[in-house]
Amino acid sequence: MSRRGRRKHLVPGAGDALNVFKGEVMRREGYAVDPNRPSDVKYEVAKDMGVPLNPVYNGRLETEDAGKVGGKIGGTMVREMIRMAQERLAKPPQQ
């Protein structure tokens with residue numbers, strides 16, 4: 001059973017902004033990202049990793065393979081968020 005429709009973000013309505021952020025981060029990683037469909041970058045990441053992910057049917061996709069793709073994207077996003085937070089913390093406070 002797919003859990004795609006049940007995901008809830010901590011901040012309601014943040015999904016669009018997170019998708020834009022995902023697109024920006026993955027573009028910096030060298031992936032071609034369609035600005036209208038940033039979530040589709042997962043197919044390019046999967047292809048680079050040799051994971052047979054496709055938009056139609058993934059019933060035979062191993063959990064481990066799906067995790068590799070999600071981990072690559074999510075891990076890259078988390079590293080960027082940490083970098084951004086560290087950068088802000090290093091700046092002197094505005095007065």
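Each reported figure results from applying straightforward, stated rules to the coordinates on display, with no laboratory input. The structure displayed is predicted, hence computed values, not measured ones. Counting neighbours? That spans all protein chains shown, and the Cβs are built from the backbone with ideal geometry, glycine included.
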Open item on the list: What's the total number of residues in region 45-70 that are assigned to a helix (DSSP H, G or I), farther than 17 Å from Phe21 by Cβ and of a type outside the set (Asp, Glu)?
Closed with: 8
Open item on the list: Which residue is farthest from the chain's Cα centre (by Cα), if the candidates are limited to region 58-95 and must be farther than 11 Å from Ala46 by Cα and among the basic types (Lys, Arg)?
Closed with: Lys91
TODO: Test Lys22 against the stated conditions and say whether it is of a type outside the set (A, V, I, L, M, F, W, C), in contact (Cβ under 8 Å) with a residue 40 or more places away in the chain and closer than 13 Å to Gly70 by Cα.
DONE: yes
